[in-house]
Structures are given as structure tokens and as C-alpha cells.
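The values are calculated or read from the model by the stated rules, or taken from the named source; none is laboratory data. What you see is a predicted model; the values in this text were computed from it and never measured. Neighbour counts run over all protein chains shown; Cβ positions are idealised from the backbone, glycine included. To get the accessible areas, we keep the full protein, side chains included, count just its heavy atoms, and leave off ligands, DNA and RNA. Shrake-Rupley method; radii C 1.70, N 1.55, O 1.52, S 1.80 Å.
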Amino acid sequence: FLDTGSLGTGGVTVVVNGMEVNALNVSASAVQQIRINQDPYSAEYSRPGRGRIEILTKPGSQEYHGETNLVFRDSHLNGRNAFASTKPPEQRRIVEGFLGGPVGSGGRTSFMLSANDERYDNQAFIYALGANGIIQDTLSQSSGRALVTGSVTRQISNRNTFSIRPTYEYESDENRGAGGTTLASAATTFKHHEQQVTVTQQTILRP
């Protein structure tokens, strides 16, 4: 999606359920449809270019349904890095899922809940020339990202629908920036929390 037509108009725009966001704040299993603007001169969009990506999430329904995905990788299956004296332990763990269904028995209220948890236990390999000779070291780099988002949708009438979507996101990155010729003393730690609540009302004025 990063072609010349999209970069020349200010970058890619991501729209989730009709609202522009700065990051995809839903898990992969909660995505129902992805649409990409292929017309650089469409009057439907606020600016020209092909850099608009629209994502629709799975809505709640009157039947319970869900999905769970698990990804796991261990360093026992990796080859040793050429700049490392030993093969350090590394792991990657990803768990994400989606659950949706009705709320109550009236048939007008439904919910959707999605979660995504990623953990990376990596190693940075340092190989540099210092005042006392060659510096060869490994530094643990742990990073993670957790995301929980949900929605409750209420169909007030045939023309009015109300929904509320809370989102919680947490990111952490330890010993970032080290590796190669950058020593462990120059590493940094990054942490990020974000909470967001989106309220949407959709009204059909005429059929």
C-alpha cells in the first residue's frame, strides 16, 4: 500500500468502522472486511490518492461465535548468529481471539470482544571495537503488546443504531536500540498505555 500515489498525499489513512485511526486497534480475527481505495480522484474521500484503507470489524449477532489463534516460536529451531559466541534463548508468543453474540433475549442488542497479546523475547548481538579491543556481547530485548477492544451495539429502531466501543492498549519495549556497534549502555526502555472509548449513532433518514 506504500506506493507513490499514497505517499505523495501524506501517507496511508486507516479507517476502522468509519473512523480514522492512527493504528489498527483490533485483533486479526475480528476483521471482517478490508477495502482499499483504488481511485485516486474519487470525490468520496477527503484527499486524492490510493492511501485509504477501510477496515470493517465483525459485528455481534444473535448467535454466539468466536475464534482463537496461537503462534509460538522457540530459538531451538534457529541457527546461531554469526556474531554471537553462543545461541541465546529466544521466544515469540502470540495469542489472539474474538467472541461475539447476543445480549439478552430481545434480539436488538449484541456484543463483540477481541483480544490480542504478543510477547517477543529476543536478543541483541553487539560486535564493536572499543578502546580495549573487540566487544562481543548479547543483550536481552523483551517487547510486548496487549490489546483488548469490545463493542456493544443496540438497534433502537429500524433506522437508528447505537454502539459504544472501548479499547485498551499497552506496549513495552526493553533495551531498544542496542545491537551491532551500539553498546548496551545506549539502550532505552519504552512503555505506552492508551485507553479510548468511541460512541457511534447511525441514523437512516430515508430508505
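Rg and Dmax over the alpha-carbon atoms of the range 23-114 stand at 21.0, 65 Å. With the simple spin-label model, which puts each label point 7 Å out from Cα in the Cβ direction, the Ile34 to Val148 separation comes to 2.7 nm. Exposure check, 1.4 Å probe, all protein chains in place: Asp137 carries approximately 80 Å² of accessible surface. Volume of the convex hull of the range 126-177 (Cα atoms only), normalised per residue: 92 Å³.
Applying 1/(1 + (r/R0)^6) with R0 = 30 Å to the Cβ-Cβ distance of Tyr127 and Tyr170 gives a FRET efficiency near 0.35.
Surface composition of the range 31-136: carbon plus sulfur atoms hold 52% of the accessible area, using a 1.4 angstrom probe and ignoring ligands, DNA and RNA. Solvent-free Debye calculation, one equal scatterer per alpha-carbon of the chain: log10 I(q)/I(0) at 0.12, 0.14, 0.19 Å⁻¹ equals -0.85, -1.01, -1.28.
Accessible surface computed residue by residue for the chain, with neighbouring protein chains in place and a 1.4 Å probe, gives 63 Å² per residue. Put one equal scatterer on each alpha carbon of the range 119-205, apply the Debye formula with no solvent term, and list log10 I(q)/I(0) at q = 0.11, 0.21, 0.24 1/Å to two decimals. Treating every Cα as an identical point scatterer, log10 I(q)/I(0) equals -0.53, -0.94, -1.06. A dipole drawn for the chain from +1 and -1 charges on Cβ atoms has a positive end, and of Leu129, Leu113, Pro89 the residue lying farthest that way is Leu113.
When both the range 59-116 and the range 126-150 are represented by their alpha-carbon centers, they are found 25 Å apart.
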